[in-house]
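K.L.:
Here it is: the structure, laid out below.
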Amino acid sequence: MGLLSLFRKTPPSANLAKERLRIIVAQERSVRGAPDYLPLLRRELLEVIHKYVNVDPAAVQISLGKEDGHDVLELSVSLPEAKRDG
Amino acid sequence: MAEIIVVTSGKGGVGKTTTSASIACGLARRGKRVAVVDFDIGLRNLDLIMGCERRVVYDFVNVIQGDCTLKQALIKDKRFDTLFVLAASQTRDKDALSSEGVHRVLEELANDGFDYIICDSPAGIEKGAHLAMYFADRAVVVVNPEISSVRDSDRILGLLASKTARAEQGKERVKEHLLLTRYNPRRVASGEMLSVEDVKEILGLDVIGVVPESPDVLSASNAGTPVILNDASDASRAYEDTVARLLGEEVPLRFTMEAKKGFFARMFGG
């Protein structure tokens with residue numbers, strides 16, 4: 001670190017890396033060990049839902065968990081607010 | 001009983017081979033019988049780092065395919081009588097390694113009285129990496145304090161927990177350790193680089209060593225002398241500490257703080 005470096009400081013970015021990693025690692029861990037067909041199932045489900053309701057892909061959450069020793073596939077769809085006429 | 005230690009990382013270029021070579025030398029220097037095996041089929045490099053590239057006659061695949069005996073393929077290190085290298089082959093056929101073949105070679109090494117078998121994994125999560133970790137008792141996951149390396153390490157930790165013989169047979173799980181390499185305390189202090197604590201927290205695993213970024217690592221590979229043997233280097237001391245911890249000794253972490261510099265060094269760089 002010489003005199004010059006005092007004038008061109010790189011902004012501290014380690015925190016940014018840490019935050020991003022925390023999120024992505026948590027997300028990747030949540031689908032770890034899930035069956036290989038899950039991404040495809042997810043896509044096809046999305047297509048079917050999309051046929052009937054115009055939802056944002058991000059509004060469809062598919063997760064695999066365990067409950068009382070059973071694998072549970074959880075599908076959660078937040079529907080857009082319905083427009084009511086009259 | 002031989003202990004099988006895989007050195008792995010997912011990401012390439014983080015220091016797996018450097019680490020394998022240094023850990024192997026460190027263990028041998030303490031009198032252990034050590035075999036270090038290159039699993040990077042097609043891209044042999046451990047021989048260069050160990051400085052025995054001109055003495056490779058037979059390789060790992062030759063042994064598996066029965067072209068030679070294991071004894072013929074093991075290259076005895078010139079520095080330590082108890083250290084042997086098994087080189088990877090340069091064949092382009094990645095399927096040359098078979099699970100049964102690897103198992104057979106590792107068993108034969110164990111029966112030959114080796115205390116430690118160090119498996120130097122290739123990068124990635126393909127067959128070579130899979131087989132390098134499959135029979136392991138312990139894993140040293142080499143990680144740089146850098147975002148893609150940390151993510152890949154987490155991926156590898158997932159595989160260690162599910163795609164190993166221990167996991168599949170429901171045995172005690174593979175002992176996992178993190179080894180941080182290319183650590184730059186100055187950049188950590190200024191908030192530009194993830195700290196040891198950050199990486200530990202994200203991956204939820206303890207650290208078995210922190211190797212500071214050092215120009216000595218390049219000169220070591222240039223010379224074919226594993227960096228742990230350069231006693232004047234901080235990287236050597238960090239690897240020596242790591243070996244001690246692998247053997248169960250309790251050694252405090254060093255080289256994680258910025259070295260104090262004198263007034264002139266601070267003003268004029270150095």
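K.L.:
Of the residues in the stretch B:158-185, how many are within 12 Å of chain A (Cβ to nearest Cβ), under 18 Å from B:Val210 (Cβ atoms) and under 16 Å from the mean Cα position of the chain (by Cα)?
P.N.:
First pass over the stretch B:158-185, keeping only residues within 12 Å of chain A (Cβ to nearest Cβ): B:158-163, B:167, B:184.
From the residues that got through so far, the ones that are under 18 Å from B:Val210 (Cβ atoms) too are B:184.
With under 16 Å from the mean Cα position of the chain (by Cα) added as a condition, the list becomes none.
Here the count works out to 0.
K.L.:
Against the definition (more than 14 Å from chain A (Cβ to nearest Cβ) and either at pLDDT below 95 or surrounded by fewer than 17 Cβ atoms within 10 Å (Cβ to Cβ) (or both)), how does B:Gly204 come out, yes or no?
P.N.:
Details: more than 14 Å from chain A (Cβ to nearest Cβ): no; either at pLDDT below 95 or surrounded by fewer than 17 Cβ atoms within 10 Å (Cβ to Cβ) (or both): yes.
Here the answer is no, as B:Gly204 does not meet what is asked.
K.L.:
Go through the stretch B:171-208 and count every residue that is within 28 Å of A:Pro11 (Cα to Cα) and either in a loop (DSSP other than H, G, I, E, B) or touching a residue at least 40 places away in the same chain (Cβ under 8 Å) (or both).
P.N.:
Narrowing the stretch B:171-208 to residues within 28 Å of A:Pro11 (Cα to Cα): B:178-204, B:207.
From what is left, the residues that are either in a loop (DSSP other than H, G, I, E, B) or touching a residue at least 40 places away in the same chain (Cβ under 8 Å) (or both) are B:179, B:181-186, B:188-196, B:198-199, B:202-204, B:207.
Total satisfying the criteria: 22.
K.L.:
Could you list, in sequence order, the residues of the stretch B:42-68 that are under 17 Å from the mean Cα position of the chain (by Cα) and either in a helix (DSSP H, G or I) or buried (at least 24 other Cβ atoms within 10 Å of the Cβ) (or both)?
P.N.:
Correct list: B:Leu46, B:Asp47, B:Leu48, B:Ile49, B:Met50.
K.L.:
Go through the stretch A:7-52 and count every residue that is within 13 Å of chain B (Cβ to nearest Cβ), within 14 Å of the chain's Cα centre (by Cα) and part of a helix (DSSP H, G or I).
P.N.:
11
K.L.:
Does any residue of the stretch B:48-65 turn out to be in contact with a Pro (Cβ under 9 Å, 6 or more places away or on another chain) and more than 25 Å from B:Val210 (Cβ to Cβ)?
P.N.:
Pass one, the stretch B:48-65, residues in contact with a Pro (Cβ under 9 Å, 6 or more places away or on another chain): B:49-51.
If we keep only those that are more than 25 Å from B:Val210 (Cβ to Cβ) too, we end up with B:51.
The answer is yes; a qualifying residue exists.
K.L.:
Kindly establish whether B:Val6 is among the β-branched types (Val, Ile, Thr) and crowded, with 24+ Cβ neighbours inside 10 Å.
P.N.:
Yes; evaluated as a whole, the condition is true for this residue.
K.L.:
Considering each of B:Thr164, B:Thr181 in turn, give the residue that is touching a strand residue (DSSP E or B) at 6+ places or on another chain (Cβ under 8 Å) and buried (at least 20 other Cβ atoms within 10 Å of the Cβ).
P.N.:
Only one candidate qualifies: B:Thr181.
K.L.:
Only residues that are out of contact with any strand residue (DSSP E or B) (no Cβ under 8 Å at 6 or more places or on another chain) and small (Gly, Ala, Ser): list them for the stretch B:118-138, please.
P.N.:
Selection gives B:Ala123, B:Gly124, B:Gly128.
K.L.:
What are the residues in the stretch A:53-80 that are of a type in the set (Val, Ile, Thr), assigned to a strand (DSSP E or B) and farther than 29 Å from B:Ile202 by Cβ, if any?
P.N.:
Passing the criteria: only A:Val77.
K.L.:
Then there is this: For the stretch B:212-238: of the residues being touching a Gly at 6+ places or on another chain (Cβ under 7 Å) and buried (at least 22 other Cβ atoms within 10 Å of the Cβ), which is nearest to the other protein chains (Cβ to nearest Cβ)?
P.N.:
Per the stated criteria, the residue is B:Ala238.
K.L.:
Related question: Kindly evaluate B:Ser148 against the criterion of being within 14 Å of another protein chain (Cβ to nearest Cβ) and modelled with pLDDT of 95 or more.
P.N.:
Yes: the conditions hold for B:Ser148.
K.L.:
Within the stretch B:75-118, how many residues are in contact with a Leu (Cβ under 6 Å, 6 or more places away or on another chain) and part of a loop (DSSP other than H, G, I, E, B)?
P.N.:
Here the count works out to 2.
The values are calculated or read from the model by the stated rules, or taken from the named source; none is laboratory data. Here the structure is a predicted model, which means the values were calculated and not measured. Cβ: placed from backbone, ideal geometry, glycine included. Neighbour counts: every protein chain shown.
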